[in-house]
Amino acid sequence: MKLNANDHRRHARRRLPRFAFDYVDGGAEDERCLRRNCDDLAALHLLPQVLRDTRNADPSITVFGQRWAMPCGIAPIGFSGLVRPHGDLLLARAAAAEGVPFVLSTASNDRLEAVREAGLARNPQAQQWLQLYVMSDRAIAEQLVRRARRAGFGALVLTVDVAVSGMRERDVRNGFKLPFRFTPSTLLDLALHPAWSLSMARQGRSPSFVNLSETEGGGDSAQLQAALLARSMDRTLVWEQLDWLRRLWDGPLILKGLLHPADAERAACSGVDAIVVSNHGGRQLDAAPSTISVLPRIVDAVAGRMPVFVDSGFRRGSDVVKALAAGATAAFVGRAAVWGMATGAEAGCRSVLATLRDEIARTMILVGADATADITARHLSGPSISEGGSLV
Ligand SMILES: Cc1cc2nc3c(=O)[nH]c(=O)nc-3n(C[C@H](O)[C@H](O)[C@H](O)COP(=O)(O)O)c2cc1C
């Protein structure tokens with residue numbers, strides 16, 4: 001039975017070849033940060049208030065003038081075509097149908113124009129944002145941003161925590177690298193997962209980074225893909241150069257991957273429109289703190305000047321409510337959405353999102369909150385919470 005995101009994970013583990021499951025599931029090095037994200041959320045408790053009128057409990061929120069059905073969206077997932085053919089389209093449709101935003105990765109396998117159309121076909125109000133990696137050749141990013149603007153993407157999410165790729169040891173042990181090469185162990189893995197292997201074979205080609213290879217004048221696609229995979233990021237991109245992006249993009253600009261309160265302060269002063277407190281789901285700096293543990297200090301630093309989103313480790317609606325109580329505007333889910341897509345394509349991802357929404361609504365009623373704005377630090381309790389409501 002698949003009652004929650006972790007049930008979808010267990011089913012996904014059976015359906016996917018090991019290298020594909022581990023690509024999604026794994027974290028950096030010893031995976032301490034990966035575990036810390038979930039452990040710190042679990043260690044935090046919600047203190048309910050009773051005898052409150054919650055008959056209209058409503059988990060919806062409004063951000064940048066747009067309504068979200070719940071304070072949750074789908075985080076960018078690169079190479080989702082490894083999970084199912086057209087994984088990006090499936091995730092985008094599910095998010096649109098459930099009324100939440102979808103962030104398309106630079107490392108996506110479906111054309112961004114097709115993703116936009118797929119979302120709009122499900123919901124004319126579909127909110128889709130483009131996540132941007134800036135590689136050494138900045139022309140690639142410039143082309144992507146222009147295409148995203150033409151296609152009608154609503155916000156640009158600049159990921160700032162991948163100056164170099166984290167060491168994902170599961171991928172190395174599984175011999176998983178791109179371009180994909182068959183080894184005796186991957187062949188056995190494929191044979192043991194015939195449903196997945198057949199669906200990929202029917203597609204006729206392995207997923208590629210189509211949004212990079214279709215950039216005009218960007219050169220040979222194999223070279224570009226290799227550049228992305230080696231994460232040849234532009235390490236000269238510094239705060240002062242956000243103006244460069246501002247000139248290209250006049251919509252909301254969001255920075256994803258901040259953990260330091262001083263960086264949050266700097267973002268607020270730099271005219272950024274929102275931030276995502278993220279450690280990339282524990283896939284980058286293994287020594288990084290959990291996002292929930294740094295969230296209150298970041299919220300303090302931002303002092304209401306812009307929305308503060310958070311991701312990394314969110315599996316349950318109660319996790320999202322904890323983040324709201326700690327001051328976040330909304331939380332994003334990465335793996336939870338992918339596990340749903342792995343088990344049941346668009347419907348599977350919708351099921352994960354609908355469950356999250358039910359869990360958020362039920363948790364709100366149980367803690368005595370009628371609206372998301374009623375969820376505050378007074379609802380937080382637990383060994384890791386200081387008197388003032390900040391995590392210590
Ligand atoms: C398989 C996978 C691929 C990802 N690809 C990207 C990406 O291309 N760009 C990005 O900014 N973040 C990427 N992330 C990080 C997510 O956007 C998000 O920060 C993270 O998954 C949140 O943690 P969670 O998976 O525990 O919910 C990826 C995460 C996973 C699991």
query = What number of residues within segment 15-68 satisfy the criterion of being of a type in the set (Val, Ile, Thr) and within 16 Å of the ligand (Cβ to nearest atom)?
reply = 1
key: Pairs, first part of a loop (DSSP other than H, G, I, E, B) and buried (at least 18 other Cβ atoms within 10 Å of the Cβ) in segment 366-380, second among the basic types (Lys, Arg) and modelled with pLDDT under 95, C-beta under 8 Å, six or more apart   = none
task = Could you look through segment 169-210, keep only residues that are over 24 Å from the mean Cα position of the chain (by Cα) and basic (Lys, Arg), and pick out the one that is nearest to GLN284 (Cα to Cα)?
result = ARG173
request  = May I ask you to list pairs of residues, at least six apart or on different chains, whose Cβ atoms are under 7 Å apart, with the first in segment 322-350 being touching a residue at least 60 places away in the same chain (Cβ under 8 Å) and of a type in the set (Gly, Ala, Ser) and the second being assigned to a strand (DSSP E or B) and within 8 Å of the ligand (Cβ to nearest atom)?
outcome  = ALA331/ASP311; GLY334/ASP311
task = Kindly provide the set of residues from segment 321-351 that are within 14 Å of ALA75 (Cα to Cα) and part of a helix (DSSP H, G or I), ordered by number.
result = ARG335, ALA336, ALA337, VAL338, TRP339, GLY340, MET341, CYS349
ask   = Pairs under 7 Å by beta carbon, first residue closer than 19 Å to GLY119 by Cα in segment 133-157, partner of a type in the set (S, T, N, Q) and crowded, with 17+ Cβ neighbours inside 10 Å, six or more apart or different chains?
value = LEU144/THR106; LEU144/ASN211; LEU144/THR215; PHE153/GLN128; GLY154/GLN127; GLY154/GLN128; VAL157/GLN131
ask   = Any residue in segment 291-302 that is under 30 Å from ARG170 (Cα atoms), within 13 Å of the ligand (Cβ to nearest atom) and in a loop (DSSP other than H, G, I, E, B)?
value = no
Per-region count, segment 349-363, residues crowded, with 24+ Cβ neighbours inside 10 Å and more than 16 Å from the ligand (Cβ to nearest atom) = 1
message = Given the condition surrounded by fewer than 21 Cβ atoms within 10 Å (Cβ to Cβ) and among the acidic types (Asp, Glu), answer yes or no: does some residue in segment 97-105 qualify?
response = no
query = For LEU178, which of the numbered conditions (1) modelled with pLDDT of 90 or more; (2) touching a Phe, Trp or Tyr at 6+ places or on another chain (Cβ under 9 Å); (3) assigned to a loop (DSSP other than H, G, I, E, B) fails to hold?
reply = (1)
request  = Kindly provide the set of residues from segment 152-175 that are in contact with a Gly (Cβ under 6 Å, 6 or more places away or on another chain) and either near the ligand (Cβ under 10 Å from one of its atoms) or at pLDDT below 95 (or both), ordered by number.
outcome  = THR159, VAL160, ASP161, ARG168
task = Give segment 280-290 a look and list any residue that's within 11 Å of the ligand (Cβ to nearest atom) and either free of Cβ contacts under 8 Å to residues at least 24 places away in the same chain or farther than 18 Å from THR159 by Cβ (or both), or say none.
result = SER290
Those residues of segment 249-284 which are closer than 18 Å to ARG335 by Cβ and part of a loop (DSSP other than H, G, I, E, B), in sequence order = SER278, ASN279, ARG283, GLN284
query = Name the residues in segment 95-122 that are under 14 Å from PHE332 (Cβ atoms), within 14 Å of the ligand (Cβ to nearest atom) and not aliphatic (A, V, I, L, M), would you?
reply = PRO101, PHE102, SER105
ask   = Quick one: in segment 123-151, which of the residues that are among the basic types (Lys, Arg) and modelled with pLDDT of 95 or more is nearest to the ligand (Cβ to nearest atom)?
value = ARG147
request  = Take segment 146-166 and flag every residue that is under 19 Å from the mean Cα position of the chain (by Cα) and hydrophobic (A, V, I, L, M, F, W, C).
outcome  = ALA148, PHE153, ALA155, LEU156, VAL157, LEU158, VAL160, VAL162, ALA163, VAL164
query = Applying the selection to segment 74-94, what residues are within 13 Å of the ligand (Cβ to nearest atom) and touching a Pro at 6+ places or on another chain (Cβ under 9 Å)?
reply = ILE74, PHE79, SER80, GLY81, LEU82, GLY87
Among (1) of a type in the set (A, V, I, L, M, F, W, C); (2) in contact with a Leu (Cβ under 7 Å, 6 or more places away or on another chain); (3) closer than 19 Å to ASP39 by Cβ; (4) more than 10 Å from the ligand (Cβ to nearest atom) - the single one ALA345 does not satisfy = (3)
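The values are calculated or read from the model by the stated rules, or taken from the named source; none is laboratory data. If you're wondering where the values come from, they're calculated on a predicted model, not measured in any experiment. Don't worry about glycine lacking a Cβ; one is built from the backbone with ideal geometry, like all the others, and counts go over all protein chains shown.
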